[in-house]
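Written out below as structure tokens is the structure these notes cover.
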Amino acid sequence: MLSLLLAPATSRYHDDVRTATENQAIQVEITDEMVDRFRVAPGTKVRLDRWDTKWNVPASLEQLNKDELKRQADEFIKQRVQELAELQDVFWADGRYSLLVIVQGSDASGKDSIIKHVTSGMNPAGVTVISFKEPSREELRHNYLWRYVRALPEQGVIGIFNRSYYEEVCVVRVNPQLLRERPMSERPIDKTFWRDRFEDINSFERQMTRNGTIVLKFFLHLSKVEQKKRLLQRLEDPRKQWKFSASDIAAREQWDDYQSAYEALFRNVYASRPLVDNAGRPEVGATQPRRARDLERVGAAQPALSAG
């Protein structure tokens, strides 16, 4: 699974994963080039079917003992969780800015798990997590951005959107019948309609940025094969059956349409970039360091804003 970060890079990261196998010490530097692999440069025409959902794990990591690597990766993440907790305190105390983290992705892409993991060390008093489901009757009586505006974090607070206003140009675009559920003026649902929606969203994000909201956006991209595997796991595991919905199957039948809608999203929203969450690679070798990188990305925006 690939996760895409949709926000301008304001800093660089240089970290080491250190471990040892028997009598040999191995040090692997997490370089800018590794991180850049997970980004979509602004203006890039994205074809998701050509974007590998696997991280090319460095050969030196492939050689490591799995148990030792897992132990070192867990320690690496604990350190980042602690750093993020400290940065959150500074961010709250400064009180001039808010942070909005948007997590998008198809069904079973891991949105809930990543949010739970990344926020594990945060003070709940300074974090709000909103999961946007089908709009309520009240929400349908308002402008389509209304419910997202109401949920924006206040100054000093970190807000996390599990799905977001991007649903209005993805899910709604794939299922245009949903537009009829909301009272709206008569107009053709054509390219101009969707162009205007992207313009609305870009204007909305510019307004947020001008008023002190830092916006970080992540898209979790996984293959159709991996999605099937995860959905079957939900059916087979009694602890996960509550997550399964018949709508997941319906969405799979529209896979190509959703991929096209996501690609249009990357082309039309500002500063899109990705981060990769690997399906098909050992989690300790790929997902764990990537999640630690998520923590640092979220925290990195804060110190400069709190200075002065």
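Data overview
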| read-out | value |
| --- | --- |
| Charge context of SER131, other residues only, Cβ under 15 angstrom, K/R +1, D/E -1 | +2 |
| Karplus-derived 3J(HN,Hα), 6.51/-1.76/1.60, for each residue of the stretch 167-182, Hz, glycine and proline x | 4, 6, 10, 10, 4, 5, 5, 6, 10, x, 4, 5, 5, 6, 6, 10 |
| Rounded FRET efficiency, nearest 0.05, which uses the C-beta distance separating GLU199 from LYS240 and R0 of 45 Å | 0.70 |
| Neighbour net charge for ARG163 - beta-carbon separation under 9 angstrom, K R +1, D E -1 | +1 |
| Which of ARG137, ARG80 has the fewest Cβ neighbours within 10 Å, and the rest in rising order | ARG137, ARG80 |
| The stretch 137-254 shape via C-alpha gyration tensor axes, a/c threshold 1.5 | oblate |
| Residues HIS221, HIS117, HIS142, sorted so that the one with the fewest Cβ neighbours within 10 Å comes first | HIS142, HIS117, HIS221 |
| Peptides 194-204, 160-170 ordered by average Cβ neighbours within 10 Å, highest first | 160-170, 194-204 |
| Cut-off under 5 Å, modelled amide H: who pairs with ILE160 long-range | VAL101, THR128, VAL129, ILE130 |
| Ranking of GLU236, GLU186, GLU86 by count of other Cβ atoms within 10 Å, fewest first | GLU186, GLU236, GLU86 |
| Positive-pole candidate from LEU216, VAL171, PHE161, dipole of the stretch 158-217, charges at beta carbon | LEU216 |
| 14 Å beta-carbon shell around LEU235, net charge (K/R +1, D/E -1) | +4 |
| Unsatisfied cross-links (Cα-Cα over 24 Å) in the set LYS45/LYS191; LYS45/LYS224; LYS45/LYS229 | LYS45/LYS229 |
| Amide H within-cut-off set for PHE219, under 5 Å, with H built and near neighbours excluded | LEU4, LEU5, LEU6, GLN104, LEU275 |
| Partners for LYS78 among lysines (Cα-Cα distance below 16 Å; same-chain residues under 8 apart left out) | LYS70, LYS116 |
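A short reminder: the numbers here are calculations on the coordinates, not readings from a lab. Predicted model only: the values in this text are computed from it and were never measured. Here Cβ is always computed from backbone atoms with ideal geometry, including for glycine, and neighbour counts include all displayed protein chains.
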